[in-house]
Structure formats: structure tokens, C-alpha cells
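Novice: Right, I'll just put the structure down here and ask away after.
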Amino acid sequence: LRTTFIMPSEAERALQLPALADFSAPTPGSAQSAVSDTALGGLATLLLDTRVDDQPVKLIHFLAAQRDDEVPSLTRRLAEEFATHRGLRTLLVDLCSPTPYPVPASSVEIKGGLAVTRTPVPQLWAAANLEQSPLLNVRLPLADGARMRDELKQAFECVVICSVAQGTFVVTDRLNQLADGNVLMVRAESTRKPSALHMRDSVIENGGVLLG
């Protein structure tokens with residue numbers, strides 16, 4: 001019995017959430033890069049147009065069921081889309097990969113409880129020295145986390161975070177709750193239905209907002 005998803009509609013039905021973007025090529029001869037660029041631009045517009053309690057979604061948390069190189073790659077490209085094509089001061093926080101966004105040796109400053117530095121891309125910053133970031137400290141009280149989140153949203157017009165739901169991770173649970181919106185990352189023929197349902201339920205149990 002198949003336990004993974006093949007079509008976006010299958011994930012929509014199982015999770016009872018809308019599919020925000022589809023990065024698969026619709027036909028065998030389609031150019032994957034063109035499909036991805038179109039889907040990425042559409043996703044960026046959709047997120048910028050979304051309102052939660054009449055407020056814009058500025059801090060977006062992308063959650064994957066397991067480590068997957070495509071997840072940080074996608075969120076990097078989305079952050080670059082916000083910064084380059086939309087002209088927004090954007091922060092990328094990559095908690096998925098052992099080698100986060102490559103940045104030149106430059107000064108690091110603390111903003112909203114995160115150590116951040118400029119990237120070569122105009123208008124784009126990236127989290128650096130994650131172990132030195134108070135917001136990612138497992139001992140941080142939620143009230144302090146909420147204060148730091150508000151500081152982040154004052155410093156940046158858009159914050160893109162990606163993390164993994166594998167195991168029990170206090171920081172991921174906190175981000176579920178602090179984010180303006182959470183997006184579940186589902187890979188066709190890879191993400192198992194029980195794992196996807198666990199991701200969805202963990203966000204709900206932590207009082208988070210699910211976008212899709």
C-alpha cells in the first residue's frame with residue numbers, strides 16, 4: 001500500500017490544506033528551470049498578498065519532514081526573489097543544512113535574537129553563527145522569543161526560515177508558534193503521509209498558523 005504522495009491534490013486531501021506551489025514539471029518535455037521560476041514567483045506573490053488577522057505575513061516558516069537538499073535551496077531562492085525582484089529587506093534563516101547560505105567574511109550583528117550578516121545579494125541578509133543566536137537557544141522563554149520576533153519584523157520586511165521536523169526539536173516547535181505563517185514542504189514519492197500528518201499536527205498543537 002503506497003504511503004507517499006504523487007500528486008499535489010493527494011497531499012491537499014490528506015492534510016486538508018491548499019497546495020501553495022507545485023515545482024514538478026507538468027509534462028516530460030517541460031524545462032524544469034522555467035517551471036520552477038514561474039512557481040517560485042507565484043508563491044512569492046501569494047505569500048506577500050496573504051493576510052492573517054488583517055496583518056501581512058512577514059515571518060514565514062518552511063517545515064520539512066526530513067532533511068532534503070532541495071528544501072534549503074528552494075527557500076534560498078525564495079529569499080532571493082523577495083530581496084532582488086521585490087526589493088524587500090529580507091533575512092534567510094537556514095536551519096536545514098550543515099552549510100547555510102555562503103557569506104563573505106563580514107561583520108555579524110544581533111537583530112531580533114539572531115546573529116545576521118549581509119550576503120552578496122543586495123537587500124538579503126542571512127543568519128550566521130546560529131549557536132550564538134539567543135532566539136535559537138532551547139532555554140529561551142516563549143515571551144522573550146515573541147519579543148525577539150517582533151524586533152526581527154521591525155528590522156526586516158520579510159524573514160524566511162526553514163527547519164526540519166525530525167525528532168523532538170524545541171526550537172522548531174517555538175518557530176511553529178512564533179511565525180506569522182507555516183508552510184509544509186512535501187516531496188512527491190518521498191514524504192510519507194504519516195510524517196506529513198505529524199508535521200501538520202505539530203504546528204496545530206503548538207498554536208501555529210498553517211498557510212498550506
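Every number in this text was worked out from the coordinates using simple rules, so none of it is lab data. Just so it is clear, the structure is predicted and the values come from calculations on it, not from any experiment. Don't worry about glycine lacking a Cβ; one is built from the backbone with ideal geometry, like all the others, and counts go over all protein chains shown.
Novice: With +1 on the Cβ of every Lys and Arg and -1 on the Cβ of every Asp and Glu, and nothing else charged, how large is the dipole of the chain about its Cα centre, in debye rounded to the nearest 20?
Specialist: It comes to approximately 180 debye.
Novice: Identify which of the listed values of Rg and Dmax of the Cα atoms in Å was calculated from the structure shown: [x] 19.4, 65; [y] 16.6, 53; [z] 15.7, 50.
Specialist: Here Rg and Dmax of the Cα atoms in Å agrees with entry [y].
Novice: Determine the gain in length on full extension of the stretch Phe23-Asp201; use 0.36 nm per residue of separation and subtract their C-alpha separation, reporting nm with one decimal.
Specialist: Taking Phe23 through Asp201 to full extension adds about 61.7 nm, to one decimal.
Novice: Once label points are set 7 Å from the Cα along Cα→Cβ at both Val170 and Gln66, what is their separation, rounded to one decimal in nm?
Specialist: Reported label-point gap for Val170 and Gln66 is 2.7 nm.
Novice: Using only Cα atoms, find the angle between the long axis of helix 32-49 and the longest principal axis of the chain, and express it within 0 to 90 degrees, rounded to the nearest 10.
Specialist: Around 60 degrees separate the two axes.
Novice: Let me ask you something else. Label 7 Å along Cα→Cβ of Ser73; region 190-212 residues with amide nitrogen under 14 Å?
Specialist: Of the residues in region 190-212, none has backbone N under 14 Å from the label point off Ser73.
Novice: Additional query: Each label point is 7 Å from the Cα along the Cα-to-Cβ direction; what then is the distance between the points at Ser36 and Thr84, in nm?
Specialist: Each label point is offset 7 Å from its Cα along the Cβ direction, giving 1.2 nm.
Novice: Further question on the same structure: Find out how many positive minus negative residues lie around Arg149, taking Lys and Arg as positive, Asp and Glu as negative, among other residues whose Cβ is under 12 Å from that of Arg149.
Specialist: +1
Novice: In addition: Evaluate the relative contact order of region 81-212 (contact order divided by residue number), counting alpha-carbon pairs under 8 angstrom at least 6 apart; express in whole percent.
Specialist: This gives 23 percent for region 81-212.
Novice: Still on this model: If the cut-off is 23 Å between C-alpha atoms, which lysines fall inside it for Lys58, apart from same-chain ones fewer than 8 positions away?
Specialist: Straight-line reach from Lys58, under 23 Å: Lys111, Lys153.
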